[in-house]
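S.K.: Got a structure for you, written out below as structure tokens; questions coming shortly.
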Amino acid sequence: MRIPGRFRRFFILLLASLPSPAAHADVFSAAFACPPESARPSVYWYWISDQISATGITRDLEAMRDVGIGEAFIGNVDQNEKSRGPVKALTPEWWALVDHAIREGTRLGVKVGIFNCPGWSQSGGPWVRPDQAMRHLVWSETRVSGPASFRGVLPAPANPFQDVATLAFPAPAGDTDTLARHRPVVTVSVGENPPADASALADGRLDGEWPLPLPAKDEKSAPFRLDFVVPDPFTARSLIVHSAARVHAVDWELLVAASPEGPFQSVRTFTSERRDARTQVGPVPFAPVVLSFPAVTGRHFRLVGQHRLPRGATSPALVEIELSAAARVERAPEKQLSKLFEGALPPWNAYSWPDSAAAEDSAAAIPPASVINLSSRLAPDGSLVWDVPPGDWIIQRTGMTPTGVENGPASPEARGLEVDKLNRTHVSAHFEAYAGKLLSRLPAADRASLRRVIADSYETGSCNWTDGFAATFTSRYGYDPLPWLPVLAGHQVGDAVSSDRFLWDLRRLVADLVATEYVGGLRAETARHGLTLWLENYGHWGFPSEFLLYGSQTDELGGEFWADGRMTGIELRAASSAAHTYGLPRVSAEAFTAGRNAFRNTLWDLKARGDRAAAEGVNHFVLHVYIHQPDERPPGVNTWFGTEFNRHNTWFADLAPWIDSLRRVHGVLQAGRPAADLAYF
């Protein structure tokens, strides 16, 4: 190939800058013969259920030193309320033992890291106040007609509650026109024994439950049918399925017919799926399913359902089927992060939803300019005085309430609300209440072994608002989010496209702030004390940020893999990709978690799993898990969720050669540089 003259000098300089093969060999040989300190494996050191002793701490650290473990990450974890010990978390005795562990680590040459809070996920404790916690927006709506003078108290939709904005806006066309107002005849068809009266399914009330017909015991799933017939044609633009607070998964099809006899045409197929009731996968675990579609008119609406019964689903039930003439925002609860993906590993399209259907009548959407901010008129007790203009209006009182997620698994004395992930001020206060308290107890000379603060896997779900969020939003996107808050309740503001775009901007800002204010805030606090932040660069069950951005804010990062072959996909790739992107030489991984054969795994069994992790880009292991042993009774204190890397395991004394081999392999890998044929985002 002939290189053009103007590029020749560049290529000559580039080739001259590359090390020779011999130089590479020298680097790798040196790393193999004398691995760097960074190649020594670390270990999760869990203090389980208050079973702790000073003697046991010393013996644990001595055992780690003897086999070549370089660092221990102290985590306070609660496993079994029936076997809790006498040393209660956060008591003076407990803090004294943490001090002792750090001093002993300094004496023995084993570095120490401390988890960012009790438990392993994520950043919370009893010191976090409700106004410092992860919070989400809730609202109440009061309908008024003008011209009139309104004097009344607007209900607070939650307790505790912090007001964000009180808005008034013209009621959009069709907003109260629901199927229930047309007195439908509701019938149910399933097998030979249809259930009892189902009229409550479309009565406009949300205070009852109607059990869904279940398949017979010898059937995995049987379809059932809900029919709604009204005396006059009804036009629908949206459907809201309100389910009871019970685990369920149902595949649905909505059909419509012009006459009670048919024929039917399909309107939408969809799934109502609520498999996980924990607030970690959304602060509204049983949020309604909201659908929008082009207007359809008929007298007979039919829902055909078929169960996909998930684990724990024994008696699914509905509260209300709300067919409405109103234009709604498709999947509004999911798009505002009130309900997140419920599995551990989200597919690529888990947070992609259909666009909201545009209404053919512009009066079905709220003009942004028509939204009136009444916040300054709202008294502290929620009372409002307002001269209502002519027409029908909705007064919406919106504010924040805690998501309710707590740190865990931690001892009862150490549990509390998870700190706000969008606000650096609150993150700083949390840091000072836990890690900062430890740092203030020990002179620098006594805590020479303390190097890192640990933030483990993110398992705390999402928040979607914080103090000052509106100002940050306006600065970032150039428009005020407050007039768009009716979108959260499912109303379309402006039009369908603009409403969806507002929710995209909301999610984008949440994703950014979780990285920059939460992880970035933790890193700033650790740096202020001369420490580094070690972060697992992924999350499960509703992670609200994105891994490359999240991992950009830490000093060091890690992934995770399990001894039994699970959890080997996104967790390792998220760590290695981010580390390679940002030039971090060490890629850690929580290693050999959840060994179901806890005392049957041999080091040979583990080797293949470790080699696979190395092929995924990992070059440093944090062994999972060394359970603190308070005394000498074998097999000691154990757990179900890790391989037993502790001194009571029969092969622990033989770990040194295996750890030496890990050091040499990881030393060589750390000496190299990643080479990738493709970059994929």
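S.K.: Based solely on C-alpha atoms, express the radius of gyration and the Dmax of segment 430-499 in angstrom.
M.R.: 21.1, 63
S.K.: Here's another thing I want to ask about it. Give me log10 I(q)/I(0) at q = 0.16, 0.23 Å⁻¹ for segment 612-681, Debye formula, one equal scatterer per alpha-carbon, no solvent.
M.R.: -0.71, -1.05
S.K.: Let me ask something else. For the chain, what is the calculated [θ] at 222 nm in deg cm²/dmol (nearest 500), taking -39500 (n - 2.57) for each run of four or more DSSP H residues and dividing by its residue count?
M.R.: Details: 14 runs with 162 residues, N = 681.
The helix-only estimate for the chain comes to -7500 deg cm²/dmol at 222 nm.
S.K.: What percentage of the solvent-accessible surface of the chain, computed with a 1.4 Å probe over protein heavy atoms, is contributed by carbon and sulfur atoms?
M.R.: Details: 15710 of 28720 Å².
Heavy-atom surface of the chain belonging to carbon and sulfur, 1.4 Å probe: 55 percent.
S.K.: Could you please put Val385, Val98 in sequence from largest to smallest accessible area, using a 1.4 Å probe?
M.R.: The most accessible residue leads, giving Val385, Val98.
S.K.: For segment 55-123, count all C-alpha to C-alpha pairs, find those more than 15 Å apart, and express that count as a whole percent of the total. Don't skip to the end; give the middle numbers.
M.R.: Working: 1346 of 2346 pairs.
Looking at segment 55-123, the distances longer than 15 Å represent 57 percent of pairs.
S.K.: Under a no-solvent Debye model with one identical scatterer per Cα of segment 508-548, what's log10 I(q)/I(0) at q = 0.21, 0.24, 0.31, 0.32 Å⁻¹?
M.R.: Computed log10 I(q)/I(0) values: -0.69, -0.83, -1.07, -1.10.
S.K.: Tell me, how many Å apart are the Cα centres for segment 132-173 and for segment 96-120?
M.R.: If you average the Cα positions of each part, the centres end up 49 Å apart.
S.K.: Amide H of Gly617 versus every other amide H placed in the peptide plane: which residues, excluding those fewer than 5 positions away on the same chain, fall under 5 Å?
M.R.: Those lying under 5 Å, H to H, from Gly617: there are none.
S.K.: Another question about this same structure. Between helix 655-671 and the chain, what is the angle of the helix's C-alpha long axis to the longest principal axis, kept within 0 to 90° and rounded to the nearest 10?
M.R.: That works out to roughly 70 degrees.
S.K.: Helix 570-582 versus the longest principal axis of the chain: what angle, 0 to 90°, nearest 10, using Cα atoms?
M.R.: 70
S.K.: Scaled to the compact-protein estimate 2.2 N^0.38 Å, what is the alpha-carbon radius of gyration of segment 368-458, rounded to two decimal places? Walk me through the numbers before you get to the answer.
M.R.: Numbers: Rg = 22.6 Å, N = 91, 2.2 N^0.38 = 12.2 Å.
Ratio of Rg to 2.2 N^0.38 Å for segment 368-458: 1.85.
S.K.: Continuing with this model, one more query. May I ask for the net charge around Glu418, where only other residues with Cβ less than 11 Å from the Cβ of Glu418 are counted and Lys, Arg are +1 while Asp, Glu are -1?
M.R.: 0
S.K.: Could you give the semi-axes, largest first, of the ellipsoid that matches segment 117-170, computed as the square roots of 5 times the alpha carbon gyration tensor eigenvalues and rounded to whole Å? Each step should come with its number before you reach the end.
M.R.: Details: eigenvalues 271, 21, 11 Å².
Those come to 37, 10, 7 Å.
S.K.: Residue by residue through segment 467-484, what is 3J(HN,Hα) from phi via Karplus (6.51 cos²θ - 1.76 cosθ + 1.60, θ = phi - 60°)? Round to whole Hz and write x for glycine and proline.
M.R.: Per residue, the Karplus-derived 3J(HN,Hα) values read 4, x, 5, 4, 5, 5, 4, 4, 5, 6, 10, x, 8, 7, x, 4, x, 9 Hz.
S.K.: What Kirkwood radius, in Å to one decimal, follows from the Cα pairs of segment 71-191?
M.R.: Values: mean 1/r = 0.0464 Å⁻¹.
When all Cα pairs of segment 71-191 are included, the Kirkwood radius is 21.5 Å.
S.K.: Of all alpha-carbon pairs in segment 316-404, indicate the percentage at a distance above 17 angstrom. List each step's numbers first, then the result.
M.R.: On the way: 2806 of 3916 pairs.
The proportion of pairs with Cα distances above 17 Å equals 72 percent.
S.K.: Compute and list, largest first, the equivalent-ellipsoid semi-axes of segment 285-354 from the alpha carbon gyration tensor, each √(5λ) rounded to a whole angstrom.
M.R.: After diagonalising the Cα gyration tensor, the semi-axes are 24, 19, 11 Å.
S.K.: Using DSSP to define loop residues, name the GluC sites (Glu not before Pro) in segment 360-438 whose beta-carbon has at most 16 other beta-carbon atoms within 10 Å. The partial results should precede the final answer.
M.R.: Values: sites: Glu360, Glu406, Glu413, Glu418, Glu432; in loops: Glu360.
For GluC sites (Glu not before Pro) across segment 360-438 that sit outside H, G, I, E and B with at most 16 neighbouring Cβ atoms in 10 Å, the list reads Glu360.
S.K.: Helix 92-108: angle to the longest alpha-carbon principal axis of the chain, degrees 0 to 90, nearest 10?
M.R.: The angle comes out at about 40 degrees.
S.K.: If I take every Cα pair under 8 Å that is 6 or more residues apart in the chain, average their sequence separation and divide by the length, what percent do I get for the relative contact order? Walk me through the intermediate numbers first.
M.R.: On the way: 1560 pairs, mean separation 141.7, N = 681.
Rounded, it is 21 percent for the chain.
S.K.: If you don't mind, there's one more thing I want to ask. Work out the P(r) tail for segment 444-585: percent of alpha carbon pairs separated by more than 28 Å, whole number. Intermediate values should be presented prior to the final figure.
M.R.: Numbers: 3293 of 10011 pairs.
Value for segment 444-585: 33 percent of Cα pairs lie more than 28 Å apart.
S.K.: Looking at the chain, how many pairs of lysines come closer than 30 Å at the Cα, when each pair is eight or more places apart or spans two chains?
M.R.: Count of close lysine pairs: 11.
S.K.: How much length would be gained if the chain were fully extended between Asp512 and Ser475, taking 0.36 nm per residue of separation minus their Cα-Cα distance, in nm to one decimal? The partial results should precede the final answer.
M.R.: Numbers: separation 37, 0.36 × 37 = 13.32 nm, distance 1.36 nm.
Separation in residues times 0.36 nm, less the Cα-Cα distance, equals 12.0 nm.
S.K.: Let me ask another. Pairwise over distinct Cα atoms, reciprocal of the mean inverse distance: report the Kirkwood radius of segment 247-318 in Å, one decimal place. Working shown, then result.
M.R.: Values: mean 1/r = 0.0720 Å⁻¹.
Taking every pair of different Cα atoms in segment 247-318, averaging 1/r and inverting gives 13.9 Å.
S.K.: Run through every distinct alpha carbon pair of segment 209-275 and return the Kirkwood hydrodynamic radius in angstroms, one decimal place. Could the numbers behind the result be given before it?
M.R.: Numbers: mean 1/r = 0.0701 Å⁻¹.
With all distinct Cα pairs of segment 209-275 included, I get 14.3 Å.
The values are calculated or read from the model by the stated rules, or taken from the named source; none is laboratory data. Just so it is clear, the model here is predicted, and its values are computed rather than measured. Here the Cβ is made from the backbone with ideal geometry for all residues, glycine too, and neighbour counts use every protein chain on show. Please note that ligands, DNA and RNA were not included when accessible areas were found on the heavy atoms of the full protein model with its side chains. Shrake-Rupley method; radii C 1.70, N 1.55, O 1.52, S 1.80 Å.
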